[in-house]
1. May I have the extent of the alpha carbons of region 187-243 along their three principal axes, as whole Å values ordered from largest to smallest?
2. From the Cα trace of region 359-445, what convex hull volume per residue do you get, rounded to a whole Å³?
3. Which residues make up the longest stretch of the chain that has no trypsin sites (Lys or Arg not before Pro) in a DSSP loop with at most 12 other Cβ atoms within 10 Å?
4. Given the C-alpha centroids of region 111-183 and region 361-385, what is the distance between them in whole angstrom?
5. Kindly report the accessible area of the chain per residue (heavy atoms of protein chains, probe 1.4 Å, no ligands, DNA or RNA), in Å².
6. Using a 1.4 angstrom probe on the protein heavy atoms only, line up Met227, Met420, Met242 by accessible area, largest first.
7. Considering only protein heavy atoms, with the full assembly of protein chains and a 1.4 angstrom probe, order Ser203, Ser50, Ser419 by accessible area, largest first.
8. For the chain, what % of the accessible area comes from carbon and sulfur atoms, probe 1.4 Å?
Amino acid sequence: MKSLKNTLLLIAVMLFSLPTMAYEMSQDEARECISAYIDRLKQHFGTYNSIIKVTLANMQIDQDRVKVIFNKEEGTFTPLFPELTEGKFKTDAQENRYVNFHFGLYHLTKEVHENPKFLKALEDSKLTWDVFVMNPHQNVPYYTFTLNFAEIMNSLTINNGDVTSDFRTFLSTSLVDRALKSLLEQVYIPHDSVGISYARLNSKNVLHCTMLTTSDSYQKLTATNGMVARNEWIEAFIEACMAKNYYKQLLGVLKTKQPSIQIRVEDIHKQYAPVTFNVSTFDILSAAEQSTTGGLSAEDYIVQQIGGSKQKSKNHGLFMVKYGDIANQIKQIAATEADNSKRIYEVVDEMPEFPGGTLALANYLYNQVQYPPLAAQNRIQGRVTCQFVITNEGKVTDVEITRSSDPLLDAEAKRVISSMPKWIPGRHHGERVNTKYSVPVTFTLPN
């Protein structure tokens, strides 16, 4: 009962801390609100921003989207916040993209904080926010990204509705949020008869975790509503958090995000049926204040409870040495299930890349686009934006038109994008993932 009361109190505090969206707003009113915001920013067009080292070139409502263009000079990809991001990105360009993305979120969430109607306008306008960071000399993008309503709500949530801090603090919080997701997916069990084969935090903020064990250890792990399995996972997770120098920040974001953890204990010998136990955020935060294992480390606790030996290392533990073949078979099944979920990312650590880079992509479009004869005859011109998914194998799939120009031009743009060669797939937390991407195709006739 105490756990339920604390959870309800926390939810109530979060709801009152976020801007209210109780009033109704038509789509036209929403667009007018966003237009007013853009008009206020026009005075900053052409201004160089020393924080993210780009120049705001233009911002405008273009049919069904807000188009934002930044210019960035060649050779300026350097770490923007090395004290915060060092070691988290493989290249400076990836770090720049991440910082750029959150700089855009920062300003939109600040506007929401100062003008609560703006959040309703973002939701009801039905506009996407497409950001292009351009090489001004070659007129090709270094990278693009989309700011969506869900990302803005996430930023408001992890900042408890308060975005009055400076950008450095805002970025730090977003990095902690990113680190929390990684930690949730990387907890392991250090024992010779227990191991985690698969863990994934889904889009609904639920961590599905499979804990593999043997028939001999199964009953001890699952007794008393899975007390040993639950306590073992909680302590292992807390130990992983405590290894970070931002431990208190991690607990703060954990309290705000309230992820749900479902631990599925599975007997690799098939003597017992799988069973699932839930771990709440309150359970984890309580354990952070007072250990659930009587002060024992995760390793010592599980040895005391079910016997056996500790693992010698994370990657080559005794469990995998003894039961590796069976565990890998179950792990492959779990991976297949994860693929079937077709999780698609919009923002990843390493965005997909066309073979040869942005210039090669521009050349590909220039050489492959065939101007539709009827469109040329009728002097039809325009820009078509195609959104598609680059799979974890680099294939281009699910091509759709997000900004239409003319049916003839739309069809040609879709044909060219659909026939693109394999890309270098995006990566998130070191793994290749399915990633959403957008590319504009411009049709221009000679004068």
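The values are calculated or read from the model by the stated rules, or taken from the named source; none is laboratory data. From a predicted model like this one, the values you see are computed outputs, not experimental measurements. Reconstructed Cβ throughout: ideal geometry from the backbone, glycine too, with neighbour counts over all protein chains shown. Please note that ligands, DNA and RNA were not included when accessible areas were found on the heavy atoms of the full protein model with its side chains. Shrake-Rupley method; radii C 1.70, N 1.55, O 1.52, S 1.80 Å.
1. 34, 26, 21
2. 85 Å³
3. Longest run free of exposed loop sites: 1-89.
4. Computed from Cα coordinates, the inter-centre distance equals 33 Å.
5. 50 Å²
6. Most to least solvent-accessible, the answer reads Met242, Met227, Met420.
7. I get Ser203, Ser50, Ser419, largest accessible area first.
8. 50 percent
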